[in-house]
Amino acid sequence: TGLNGMVVNALAMAPYGRSDGGRTSTALFGRSGAQGISFFTSIMILFLGLISNDAILFYFLFVTFFQGEQEIPCRDEVAEPDNTTAFLAGISWFLMLLILLPS
């Protein structure tokens, strides 16, 4: 259904591991900042999976065990992203929270 598709896409945008959101946080905050955000996100996804939805708990286990390795280095990790990119990333993370928190 449509709700399942929204939840799957929102989980992909969570800044955790090597998902789309994890790559976005690496681009915005660098490797050390992305690792801190990924750790916080993993704790939140585990908590959310334990209290609400088994699919979210399964996603936590999948990303932890199968996507826990280091990210492939980018070509250009030195250049800072522009404000538009940071704004769009913030909007996408806000939409991710709006989708995942009620489920």
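The values are calculated or read from the model by the stated rules, or taken from the named source; none is laboratory data. Everything numeric in this text was worked out from a predicted model, so none of it was measured. We place every Cβ from the backbone using ideal geometry, glycine too, and count neighbours over all the protein chains shown. Accessible surface is based on the protein model in full, side chains and every heavy atom, while ligands, DNA and RNA are left aside. Shrake-Rupley method; radii C 1.70, N 1.55, O 1.52, S 1.80 Å.
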Spacing of the two label points (7 Å from each Cα toward its C-beta) at Ala79 and Leu61, in nm: 4.2 nm
Rounded to 10°, Cα long-axis angle of helix 2-12 versus longest principal axis of the chain: 40 degrees
Carbon/sulfur accessible area of the chain, % of total, 1.4 Å probe, equals 69 percent
Write down the accessible area per residue of the chain in Å², having rolled a 1.4 Å probe over the full set of protein chains. 67 Å²
Of (1) 39, 28, 21; (2) 147, 10, 9; (3) 51, 33, 23, which one was derived for Cα extents along the principal axes in Å from the structure shown? (1)
Helix 54-66 vs. the chain, principal-axis angle (Cα, 0 to 90°, nearest 10): 40 degrees
FRET efficiency, 1/(1 + (r/R0)^6) with R0 25 Å, evaluated for Phe39 and Ile72 via beta carbons: 0.80
Compute the acute angle (0 to 90°) between the alpha-carbon long axis of helix 83-100 and the principal axis of greatest extent of the alpha-carbon atoms of the chain; round to the nearest 10°. 10 degrees
